[in-house]
Amino acid sequence: MAPGLRKLALTAHLTFSFGWIGAVVAYLALGVAAATRQDTQTVRAAWIAMEVTGWFAIVPLALAALLTGLVMSLGTPWGLFRHYWVVISLVLTILCTVVLLLHMPTVSHLAGIAAQADGANIGGLGGDLLHPGVGLLVLLAITVLNVYKPRGVTPYGWRKQQEMRSRPAQRDAAVS
């Protein structure tokens, strides 16, 4: 990947990834409001806003972060399966995205209940704290992995390194 294109892809990936984290923080704040407030209108509004935030911010940002992460790994020397930190980041990102996509219909259902419920029944909804809380921790762990890039190559990465090291020797032998 050309340096200019790589920087563009990295900029997009960072924007989508940090946007995902920010949207999860906003969703979590709405979940706290729904869980701690007794006001019917606040609980109703929080659930409706969680649905909108989930479908129109978190889901698109998660998918875009996953896609741009794949582009970055395939278009740079880090590779997709060469380093453990990349593989772990990929697996955790896929896991977060799948859990998010499986959880969002429940959020939509609960937002529908909140929109229809009367004041006496809405108090039992509470807030959605577990999914966004754990999701935020996992997203922060992925961020730490991507910043610190711990050492360790996969067996595939080791083979690729050996191939790269042997190519100059093969080329020199062919020239002699």
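The values are calculated or read from the model by the stated rules, or taken from the named source; none is laboratory data. What you see is a predicted model, and the numbers here were worked out from it, not measured in a lab. Don't worry about glycine lacking a Cβ; one is built from the backbone with ideal geometry, like all the others, and counts go over all protein chains shown.
Details
- For Trp78, the criteria (1) aromatic (Phe, Trp, Tyr); (2) assigned to a helix (DSSP H, G or I); (3) within 16 Å of Ile142 (Cα to Cα) hold in every case but one, which is (2).
- Complete set of residues in the range 18-47 that are touching a residue at least 12 places away in the same chain (Cβ under 8 Å) and among the polar types (S, T, N, Q): Thr36, Gln38, Thr40
- Tabulated pairs, the range 98-118, first farther than 10 Å from Glu51 by Cβ, second part of a helix (DSSP H, G or I), C-beta under 6 angstrom, 6+ apart or interchain: Leu100/Ala62; His103/His131
- Filtered residue count, the range 25-54, keeping only those that are under 14 Å from His131 (Cβ atoms) and not aliphatic (A, V, I, L, M): 6
- Selection from the range 62-74 of residues that are surrounded by 15 or more Cβ atoms within 10 Å (Cβ to Cβ) and under 22 Å from Arg151 (Cβ atoms): Gly69, Met72, Ser73
- Just one of (1) more than 25 Å from Pro150 (Cβ to Cβ); (2) among the charged types (D, E, K, R); (3) modelled with pLDDT of 90 or more fails for Asp118. It is (3).
- From the list Ala23, Ala12, Ala45, Ala65, the lone residue that is more than 22 Å from the chain's Cα centre (by Cα) and either modelled with pLDDT under 95 or not charged (D, E, K, R) (or both) is Ala45.
- If you go through the range 23-51 and keep only what is assigned to a helix (DSSP H, G or I) and charged (D, E, K, R), you end up with Arg44, Glu51.
- Of all the residues in the range 126-159, those that are among the polar types (S, T, N, Q) and at positive phi number 0.
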